[in-house]
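Notes for the one structure printed next.
Derivation of every value follows stated rules applied to the coordinates shown; laboratory data play no part. The model shown is predicted, which means the values in this text are computed figures rather than measured ones. We place every Cβ from the backbone using ideal geometry, glycine too, and count neighbours over all the protein chains shown.
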Ligand SMILES: C[S@@+](CC[C@H](N)C(=O)[O-])C[C@H]1O[C@@H](n2cnc3c(N)ncnc32)[C@H](O)[C@@H]1O
């Protein structure tokens, strides 16, 4: 039996001691995902890694999302960073991000997030971190030198001749904007286009435009009313009142001891997870990588599910979760 998570009612929602059942109030009390999904049956049995609060599935995102849909599990929030267009070769057949034309990349992501919508509760939120790419049309680099660290590999899609329109030398592809509009056209409500401002961007060697130092973190919902608690993430005013967070997030990129070539900074998952996941709720990352979303969720008392096509990254994420669980068990 699903149980209702008790949350303190807001003052305006209480009338004569009774809770008004408005859609807004109902959204603040989502039905809890039964714990049995994590402990019994097909999901934990087929997971690459499972413990009482986390499950990692190794495989293509479409097939693994379908597995979640078939099981009937529903999550409270989805916090993810898909592969960026033409930026990295993860060395896996079926990986996303290396499609010949950016339109195919956008169409593929719309399909993924359409499946995500079926796993997300009606009160849930989807958060997507994504950056942009320039078309180059210059062909494969010949120097053999690794340009921009791990970002440069062989012939990237944007090094091909292109279509002369979107795909034209020096063109900024506007991938984040195109994705947000495509998702809007597909029925999502776009609530914010949060801008991640990077004070320490990867240097790009250009002379005729500004250096790129931002990405986007889109906040999208299925419905007008959804779970959102500004208190853990808001700005505390001298009067004591809490204003919502700003839509510009100034934070460094995760570097140095990062496990993954494109690791999330924990600062990027903080607001999404804390504001839109109810206590004990479930967070999903369909492009899990090294498991930053899951690790943050676990450390803050949430349950989580991750999907990734790469065995190497599934292992890294599983090791991170095991270490947190072992620490929790020792402290208990
Ligand atoms: C930008 S990274 C995610 C990084 C992650 N947020 C972290 O903190 O480490 C994108 C991930 O998507 C995975 N990926 C790419 N194509 C995929 C597919 N078709 N199905 C599942 N995972 C895929 C890659 O293996 C990679 O780990």
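Take region 214-236 and flag every residue that is part of a loop (DSSP other than H, G, I, E, B) and surrounded by 15 or more Cβ atoms within 10 Å (Cβ to Cβ).
Of everything in region 214-236, those that are part of a loop (DSSP other than H, G, I, E, B) and surrounded by 15 or more Cβ atoms within 10 Å (Cβ to Cβ) turn out to be 222, 225, 226, 227, 228, 229, 233, 234.
Spot the failing condition for residue 272; the list is (1) within 17 Å of residue 49 (Cβ to Cβ); (2) touching a strand residue (DSSP E or B) at 6+ places or on another chain (Cβ under 7 Å); (3) within 16 Å of the ligand (Cβ to nearest atom), and only one is missed.
(1)
Among the residues in region 284-304, are any part of a strand (DSSP E or B), over 30 Å from residue 174 (Cα atoms), within 14 Å of the ligand (Cβ to nearest atom) and touching a residue at least 60 places away in the same chain (Cβ under 8 Å)? Break it down stepwise before answering.
Taking region 284-304 first, the residues part of a strand (DSSP E or B) are 284-285, 303-304.
Going one step further and asking which of them are over 30 Å from residue 174 (Cα atoms), we end up with 303-304.
Applying the additional criterion that residues be within 14 Å of the ligand (Cβ to nearest atom) yields 304.
Checking which are touching a residue at least 60 places away in the same chain (Cβ under 8 Å) leaves us with 304.
Within region 284-304, one or more residues are part of a strand (DSSP E or B), over 30 Å from residue 174 (Cα atoms), within 14 Å of the ligand (Cβ to nearest atom) and touching a residue at least 60 places away in the same chain (Cβ under 8 Å).
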